[in-house]
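Reviewing the structure listed below.
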Amino acid sequence: MEKLAIVFPGMGYHADKPLLYYSKKMARSMGYKIIDLSYQGFPKPEKESEESMMQIFEIAKQQTEEQLKEIDGSKALDLLFLSKSVGTIVAVDYAYRHQLSPKFVLYTPLRETFRVMKQEKINAIAFHGTKDGWADTKILQQGCKEHDIPLHLIEQGNHSLESQDILYDIRKLQSVMQITHEFLLDNENH
């Protein structure tokens, strides 16, 4: 298997929503085989509760293991993890537990994403909305700085990187996809 992209969605943000839809379409056009993960059966999340988020993470982690049990990511010459929200925690954890070194695209990571990172530097890029109710901008800036991850802030963006202005959102989505594309091109076959 030469190029493989695995899509780690969020709780309510599945692979057919804009960030993941367009990034996986881009990856496919660059020759990646796409594997879409999906999650179900989450309890209602509590925004300020790390315990709640870690319970959701454990469910997603188990479902990821089940869905990827036949896949050996170490055989891919070029491995890419596209992830959103809780999927960013699962993607990073999965890579460490399976001793993989993929490229990571982290759309709206959570503070817990940085807590599961075992090494100082990973090959990643991150995007965060400044009005994201699920993650504090200062905490994400610090986590990205500690792990040398470029963080792209979307002003007024919520947890889906969207605002109340649809035309602004479309321009920002184009910008996010352009930056994602440049990241993939700059890291081709690494």
statement: Over segment 121-144, the set of residues in contact with a strand residue (DSSP E or B) (Cβ under 8 Å, 6 or more places away or on another chain) and closer than 18 Å to Phe183 by Cβ is Ile122, Asn123, Ala124, Ile125, Ala126, Phe127, His128, Leu140, Cys144
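Conditions tested, residue by residue: (1) more than 21 Å from Asn187 (Cβ to Cβ); (2) within 16 Å of the chain's Cα centre (by Cα); (3) among the polar types (S, T, N, Q); (4) modelled with pLDDT of 95 or more.
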position: Phe42; (1), (2), (3), (4): yes, no, no, no
position: Pro45; (1), (2), (3), (4): yes, no, no, no
position: Glu65; (1), (2), (3), (4): yes, no, no, yes
position: Arg97; (1), (2), (3), (4): yes, no, no, no
position: Thr108; (1), (2), (3), (4): no, yes, yes, yes
position: Met117; (1), (2), (3), (4): no, yes, no, no
position: Ala126; (1), (2), (3), (4): no, yes, no, yes
query: If you check Asp93 against the conditions, is it of a type in the set (Asp, Glu) and under 12 Å from the mean Cα position of the chain (by Cα)?
result: yes
message: I need every pair where a residue in segment 122-148 that is over 20 Å from Glu162 (Cβ atoms) has its Cβ under 9 Å from the Cβ of a residue that is among the acidic types (Asp, Glu) and part of a loop (DSSP other than H, G, I, E, B), sequence separation at least 6 or different chains.
response: Ile122/Asp148; Ala124/Asp148; Glu146/Glu120; His147/Glu120; Asp148/Glu120
- line: With criteria (1) assigned to a helix (DSSP H, G or I); (2) at pLDDT 90 or above; (3) over 13 Å from Leu80 (Cβ atoms); (4) not hydroxyl-bearing (Ser, Thr, Tyr), Glu51 comes up short on (2)
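Can you find even one residue in segment 132-150 that is closer than 20 Å to Leu37 by Cβ, in contact with a helix residue (DSSP H, G or I) (Cβ under 8 Å, 6 or more places away or on another chain) and either crowded, with 19+ Cβ neighbours inside 10 Å or acidic (Asp, Glu) (or both)?
Going through segment 132-150, the residues closer than 20 Å to Leu37 by Cβ turn out to be 134.
Checking which are in contact with a helix residue (DSSP H, G or I) (Cβ under 8 Å, 6 or more places away or on another chain) leaves us with none.
Checked segment 132-150: no residue is closer than 20 Å to Leu37 by Cβ, in contact with a helix residue (DSSP H, G or I) (Cβ under 8 Å, 6 or more places away or on another chain) and either crowded, with 19+ Cβ neighbours inside 10 Å or acidic (Asp, Glu) (or both).
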- request: Search segment 158-172 for residues that are under 21 Å from Gly10 (Cβ atoms) and modelled with pLDDT under 95 and pair each with any residue that is surrounded by fewer than 21 Cβ atoms within 10 Å (Cβ to Cβ) and of a type in the set (S, T, N, Q) when their beta-carbon atoms are under 9 Å apart and the residues are at least 6 apart or on different chains.
  value: Gln164/Gln156
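The values are calculated or read from the model by the stated rules, or taken from the named source; none is laboratory data. The structure displayed is predicted, hence computed values, not measured ones. Ideal geometry is used to build each Cβ from the backbone, glycine not excepted, and the neighbour counts take in all protein chains shown.
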